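These notes are about the structure you will find just below.
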Amino acid sequence: MKQTELVLGDLDVFYISYDEPAKEEHWANLMMKFPFAKRVDGVKGFDNAHKECARQSETDRFISIDGDNIVDEKFFDLAITFPEKTDLANSVISWSAKNMINGLVYGNGGIKCWPVDLVLEMETHENAVDDTKKVDFCWDLNYIQMNNIYSEVYNAGSPFQAFRAGYREGVKMSLDEGAKVPVEDFQKRIWPKNYERLLTWCNIGADVENGIWACFGARLGCYDINFNEKYKLENISSFDWFKSYFEEDVLPMFSGGSEKCSKTGVEWDYDKLYDESIRIGDILADKIGMEIADPTAELGRFFKRVYTNPPRVNNPLASEKQTGWDR
């Protein structure tokens, strides 16, 4: 069988950052591992940032690494072999990442390899017309999911970053292929693996600094998409909406406490946040039957001690091997 080999070290690598609290540290880490990496910083919008990478790319595919990622340097030694018939020109290659808030391993935040022409032509997130394309890339593009993990996602650098990460997944994991489902069909329509991830986001993470904000965000996102009639699906793709929602509506609810973010200095009342998380969780348990627990640090530590990420079915289309490059 004829095959096509893709040597990752030969492709342009782009580090995409915006407002991540640790973006400079992560950029420095990447440069030590792959000094040829390029950077796209401060471009507003998911679709816009990836299009900027495509415009700058000097190779017909490029690799994207998000600003909250720490990458395993072995990634840049990989070569991937595909059957010749594989439609690489219209496919995104995706690697799973480990989320350091809750230990989940899936494609969220992981490294991607994009065809330049496809990125320039796509209309997603802030540029989408179709509602299902306003939420994420995954419901519009063809993905080739690889089997190994080559990065860790650190998205609890601040209360805002953790809240945004949890809220986005709380909304996304409550959808059926990007579309809202009737509340009465929630348990039937949500893909089981996404439902498990939703439960994890809602319950696990309080053992990490700012992690309780991710749990609260996931619960609030799930609540808003299911019960807030004024909520607009495209909100989760709007950087401006998230910032104003958090600063004007969310954070003031929890003022007056002694909890303080070590990175940003933001202060809040932990007990108020914890109690509101439980209140929303009770609504989700009552209205749509979700298995909601109190989001304690003890629960987070226990889950991470016993949780094993289910193995993926081996990708029959591709194989990975180490090649090495001259550092």
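Descriptive notes on the structure:
- Within region 86-108, the only residue that satisfies the criterion of being among the polar types (S, T, N, Q), touching a helix residue (DSSP H, G or I) at 6+ places or on another chain (Cβ under 7 Å) and at pLDDT 95 or above is N102.
- One residue alone among W268, W201 is of a type outside the set (S, T, N, Q) and touching a strand residue (DSSP E or B) at 6+ places or on another chain (Cβ under 7 Å), and that residue is W268.
- Single residue of P21, P35, P83 found to be surrounded by fewer than 16 Cβ atoms within 10 Å (Cβ to Cβ) and either at pLDDT 95 or above or of a type in the set (D, E) (or both): P35
- Residue count for region 50-92 under the criterion of being outside any helix (DSSP H, G or I) and touching a residue at least 60 places away in the same chain (Cβ under 8 Å): the result is 15.
- Residue match in region 235-243 (condition: surrounded by fewer than 17 Cβ atoms within 10 Å (Cβ to Cβ), basic (K, R) and in contact with a helix residue (DSSP H, G or I) (Cβ under 9 Å, 6 or more places away or on another chain)): yes
- Considering region 183-244, the qualifying helices (runs of 4 or more DSSP H), each wholly inside and each with 3 or more residues that are touching a Cys at 6+ places or on another chain (Cβ under 7 Å), run over 192-203, 211-227.
- Here I278 clears all of (1) farther than 30 Å from E24 by Cα; (2) modelled with pLDDT under 95 except the condition numbered (2).
- Across region 166-192, the number of residues qualifying as surrounded by 18 or more Cβ atoms within 10 Å (Cβ to Cβ) and among the aromatic types (F, W, Y) comes to 2.
- When each of K272, K263 is tested for being in a loop (DSSP other than H, G, I, E, B) and surrounded by 11 or more Cβ atoms within 10 Å (Cβ to Cβ), the lone residue that passes is K263.
Quick grid of which residues meet (1) touching a Ser or Thr at 6+ places or on another chain (Cβ under 9 Å); (2) at pLDDT 95 or above:
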| position | (1), (2) |
| --- | --- |
| G256 | no, no |
| K260 | no, yes |
| K272 | yes, yes |
| D286 | no, yes |
| N314 | no, no |
| Q322 | no, no |
| W325 | no, no |
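- Tallying residues that are over 19 Å from the mean Cα position of the chain (by Cα) and crowded, with 20+ Cβ neighbours inside 10 Å within region 89-109 yields 0.
- Residues in region 248-270 that are touching a residue at least 60 places away in the same chain (Cβ under 8 Å) and either touching a Phe, Trp or Tyr at 6+ places or on another chain (Cβ under 9 Å) or outside the structural domain of L199 (by TED's automatic domain parsing) (or both): 6 in all.
- Residues of region 15-49 that turn out to be within 17 Å of the chain's Cα centre (by Cα) and either among the basic types (K, R) or in a strand (DSSP E or B) (or both), as a count: 5
- Conditions (1) surrounded by 22 or more Cβ atoms within 10 Å (Cβ to Cβ); (2) farther than 23 Å from I149 by Cα: number failed by K51: (1)
The values are calculated or read from the model by the stated rules, or taken from the named source; none is laboratory data. Model, not experiment: these values are computed from the prediction. Cβ atoms come from the backbone with ideal geometry, glycine included; neighbour counts cover every protein chain shown.
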